[in-house]
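**Q** The structure under discussion is supplied below as structure tokens; questions concerning it will follow.
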Amino acid sequence: MKYINLFFCAALIALSAGLTACNTTCASAQSPSSAVANAPKKDITLQLYSLRSDMKKDPKGTIKKAGEMGYTAVEAAGYSDGKFYGMTPEEFKAEVEKAGMKVRSSHTSKKLSPEEVKNNNFSESLKWWEKAIPAHKATGMEYIVVPSIPFPKNIKEMQLYCDYLNAVGKMCRDAGIKFGYHNHSFEMKPVKDKLSMYEYMLQNTNPENVFFEMDVYWAVMGQQSPVELFKKYPNRFRLLHIKDLKELGESGMVGFDAIFKNAHIGGVEGIVVEVERYNYEPAKSVKLSYDYLNNAPFVPATYPKK
Amino acid sequence: MKITYTSKLMAPALLLVAISAWACSAISGKEAIKPANKEIALQLYSVQSDMKKDPRGTLNKVARLGFAAVETADYKDGKFYGLTPEEFRSEVEKAGMIVLSSHVVKTLSQKEVRSGDFSDSMRWWDKAVSDHKRAGMKYIVMAWAPFPADISVLDAYCKYFEQIGKKCRDAGIKFGYHNHYKDFYPEKSLGGKAKNSLEYILLKTDPNLVFVQIDTHNAVMGGGAPAEFIRSFPGRFKLLHIKDKYVLGESGMVGFDAVFKSAKTGGAEGFILEQEGESANPYDDIAKSFSYLQNAPFVPSRSE
């Protein structure tokens with residue numbers, strides 16, 4: 001009798017040891033839906049240009065809708081004369097926070113005048129930024145991003161724009177805001193021998209003052225590999241524009257799994273969704289895009305801040 | 001020596017641990033030991049120089065990586081990698097794989113394009129189709145054509161492709177065209193009839209005679225969206241060239257989840273991996289790409 005009791009005791013201990021080992025290796029095999037249900041909410045910013053016609057008609061209602069979709073923050077694209085979508089910075093901040101989100105960033109630009117380019121002097125434009133930066137600060141945003149600059153006519157103009165971005169970047173840094181540049185595909189064209197405009201900018205801006213918000217769709221349209229750019233210029237890409245041809249994950253033009261897998265090499269702190277073309281009503285496309293990222297096992301909840 | 005409780009219990013206890021560990025690995029989905037369960041073919045251009053030096057040895061290496069079938073990139077003087085069609089078929093099947101498809105290039109002469117009389121080229125195809133049939137080929141793919149081209153040249157090629165397609169169909173083989181990146185470039189002379197050469201080919205050719213083997217990375221490099229393009233011409237993509245910049249799932253330039261999601265609508269009957277590029281050990285890199293497909297939930301397994 002004693003033997004049998006001890007046998008079963010040992011068997012139970014062995015079995016529980018085996019199952020404990022099993023649990024740790026099996027944890028990763030849990031079903032996707034339960035993983036999504038139990039996981040913390042993913043930090044995903046929406047570029048409001050994705051809902052531009054809705055924002056024109058009803059900014060407050062559209063902001064509310066974005067929050068309901070699951071987005072945790074917004075990137076504005078409507079700064080003009082000290083206001084965001086016609087609202088004061090404080091009003092805009094309040095509406096975004098009412099919708100359960102944060103104001104993360106803004107696409108804001110001040111093109112250099114022909115005189116400034118001719119005279120190699122951008123002090124007039126810097127005065128514009130002196131007013132704009134505090135307005136942006138008042139929304140609580142962490143980043144300001146220039147969405148585009150003209151393809152330069154010559155290297156002198158290219159360098160002038162790099163110096164200009166460095167200067168604005170320093171002003172932003174002094175105000176506790178990070179400043180960056182967002183690409184389209186034309187920057188992938190060469191500006192000096194074989195060197196692309198994008199790489200010239202990466203090489204001639206101060207990493208402390210200027211980061212790059214890589215738009216992954218436009219990078220691919222420029223025949224570039226986002227991952228190769230991360231590896232060649234590590235830690236220069238604080239934000240990513242997660243964009244596809246239309247709804248995220250539908251066209252086959254962007255390898256999001258590879259991009260997210262390597263985002264840490266690029267120094268990514270946050271992602272911003274942009275949907276510019278649609279197979280459906282914009283709001284539906286924007287919601288489907290949120291769902292794609294929310295359901296994707298390769299998209300983390302947050303990113304380490306550097 | 002007295003047999004203690006401990007040693008009598010050890011054996012069954014260890015047996016139980018072993019059983020639970022085995023059961024655990026069987027259900028946890030860690031597939032290191034499981035055999036390949038997804039049917040993927042390899043475009044042999046990925047190991048072209050090795051194939052030319054030692055076809056038998058290379059085919060065995062390819063089979064050991066887990067590939068189910070091969071697509072060739074060398075048909076010359078009636079031979080595949082220097083082997084007669086029957087020899088080639090035999091080597092592939094001895095290695096445990098299937099002869100699936102072949103890439104050939106036979107462009108029209110300027111005279112043929114102008115005259116619309118393709119008999120010279122069609123005589124080449126008579127022999128080629130017969131050789132491919134003997135090799136056990138299921139598909140023949142025109143690997144390249146001089147596109148984008150003026151609409152008059154495209155019209156000639158559409159008629160040419162249909163003639164080749166008919167010859168292939170009569171031999172029980174399917175004929176297709178494989179794109180490069182420029183096939184997606186806009187072509188002015190099309191005058192709005194189609195956005196690009198590839199679209200024009202698809203609109204102008206008989207679906208029963210000509211399919212398109214869409215190359216995913218080539219498409220993206222040409223500004224084309226592979227999955228969206230596939231969905232816009234349902235049933236026209238019997239074979240998919242699964243290609244990235246190099247190793248699958250590393251560059252961020254192709255959304256393979258979207259591509260495979262569109263495969264059924266496209267009418268895909270096979271997936272062919274191609275990996276173009278110099279490497280000290282191409283087999284390790286090909287194995288990485290194969291592993292990417294094996295582990296991808298969006299790539300269907302044999303049972304599906």
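The values are calculated or read from the model by the stated rules, or taken from the named source; none is laboratory data. Owing to the predicted nature of the structure, the values given are computational and were not obtained by experimental measurement. Ideal geometry is used to build each Cβ from the backbone, glycine not excepted, and the neighbour counts take in all protein chains shown.
**Q** Evaluate the following for B:Pro146: is it over 21 Å from B:Gly266 (Cα atoms) and either surrounded by fewer than 17 Cβ atoms within 10 Å (Cβ to Cβ) or within 14 Å of chain A (Cβ to nearest Cβ) (or both)?
**A** Values: over 21 Å from B:Gly266 (Cα atoms): yes; either surrounded by fewer than 17 Cβ atoms within 10 Å (Cβ to Cβ) or within 14 Å of chain A (Cβ to nearest Cβ) (or both): yes.
So B:Pro146 fits the description; yes.
**Q** Return the total of residues in the stretch A:150-171 being within 23 Å of A:Gln47 (Cβ to Cβ), hydrophobic (A, V, I, L, M, F, W, C) and surrounded by 20 or more Cβ atoms within 10 Å (Cβ to Cβ).
**A** Counting residues in the stretch A:150-171 that are within 23 Å of A:Gln47 (Cβ to Cβ), hydrophobic (A, V, I, L, M, F, W, C) and surrounded by 20 or more Cβ atoms within 10 Å (Cβ to Cβ) gives 2.
Per-residue answers, yes or no, for (1) within 15 Å of the chain's Cα centre (by Cα); (2) not basic (Lys, Arg):
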| site | (1), (2) |
| --- | --- |
| A:Ser251 | no, yes |
| A:Ile259 | yes, yes |
| A:Gly270 | yes, yes |
| A:Val275 | yes, yes |
| A:Tyr278 | no, yes |
| A:Ser285 | no, yes |
| A:Leu293 | yes, yes |
| A:Ala301 | yes, yes |
| A:Lys305 | yes, no |
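**Q** Could you count how many residues in the stretch B:271-298 are farther than 19 Å from B:Ala225 by Cβ and surrounded by fewer than 20 Cβ atoms within 10 Å (Cβ to Cβ)?
**A** Qualifying residue count, the stretch B:271-298: 17.
**Q** Moving to a separate point now. For the stretch A:1-119, list the helices (runs of 4 or more DSSP H) that sit wholly inside it and hold at least 3 residues that are modelled with pLDDT of 95 or more; which are they?
**A** Result: A:52-57, A:59-69, A:89-98, A:114-119.
**Q** Please list, ordered by first then second residue, the pairs with beta carbon atoms under 8 Å, 6 or more apart or interchain, first in the stretch B:73-101 and on the phi > 0 side of the Ramachandran plot and free of Cβ contacts under 8 Å to residues at least 40 places away in the same chain, second of a type in the set (Lys, Arg) and in a helix (DSSP H, G or I).
**A** B:Tyr81/B:Lys52; B:Gly82/B:Lys52
**Q** Of the residues B:Val153, B:Val141, which is out of contact with any Ser or Thr (no Cβ under 8 Å at 6 or more places or on another chain) and among the aliphatic types (A, V, I, L, M)?
**A** B:Val153
**Q** Would you call B:Asp244 farther than 22 Å from B:Val62 by Cβ, crowded, with 17+ Cβ neighbours inside 10 Å and within 14 Å of chain A (Cβ to nearest Cβ)?
**A** Values: farther than 22 Å from B:Val62 by Cβ: no; crowded, with 17+ Cβ neighbours inside 10 Å: yes; within 14 Å of chain A (Cβ to nearest Cβ): yes.
So B:Asp244 does not fit the description; no.
**Q** Return the total of residues in the stretch A:37-61 being without any contact (Cβ under 8 Å) to a residue 40 or more places away in the chain and buried (at least 19 other Cβ atoms within 10 Å of the Cβ).
**A** Final tally of qualifying residues: 3.
**Q** Those residues that are touching a residue at least 12 places away in the same chain (Cβ under 8 Å) and surrounded by fewer than 15 Cβ atoms within 10 Å (Cβ to Cβ), I need them from the stretch B:111-133; list them, please.
**A** Scanning the stretch B:111-133 gives B:Gly116, B:Trp124, B:Asp126, B:Lys127, B:Ser130.
**Q** Starting from the stretch B:152-164, take each residue that is closer than 11 Å to B:Gly176 by Cα and list its partners that are among the acidic types (Asp, Glu) and modelled with pLDDT of 95 or more, counting only C-beta distances under 7 angstrom and pairs at least six apart or across chains.
**A** As it stands, the answer is B:Glu162/B:Asp206, since those pairs meet every condition given.
**Q** Here's a follow-up. Take the residues in the stretch A:211-236 that are of a type outside the set (D, E, K, R) and over 14 Å from A:Glu187 (Cβ atoms); name whichever of them is surrounded by the fewest Cβ atoms within 10 Å (Cβ to Cβ).
**A** Among those residues, the one meeting the criterion is A:Pro234.
**Q** When you look at B:Val254, is it within 20 Å of B:Leu42 (Cα to Cα), more than 8 Å from chain A (Cβ to nearest Cβ) and not polar (S, T, N, Q), yes or no?
**A** It is false that B:Val254 is within 20 Å of B:Leu42 (Cα to Cα), more than 8 Å from chain A (Cβ to nearest Cβ) and not polar (S, T, N, Q).
**Q** A further question on this structure: Could you give me the residue pairs with C-beta distances under 6 Å whose first residue belongs to the stretch A:232-244 and is within 12 Å of chain B (Cβ to nearest Cβ) and over 14 Å from A:Tyr143 (Cα atoms), whose second residue is part of a loop (DSSP other than H, G, I, E, B) and of a type in the set (S, T, N, Q) wherever it lies, and which are 6+ apart or on separate chains?
**A** The qualifying pairs are A:Asp244/A:Ser251.
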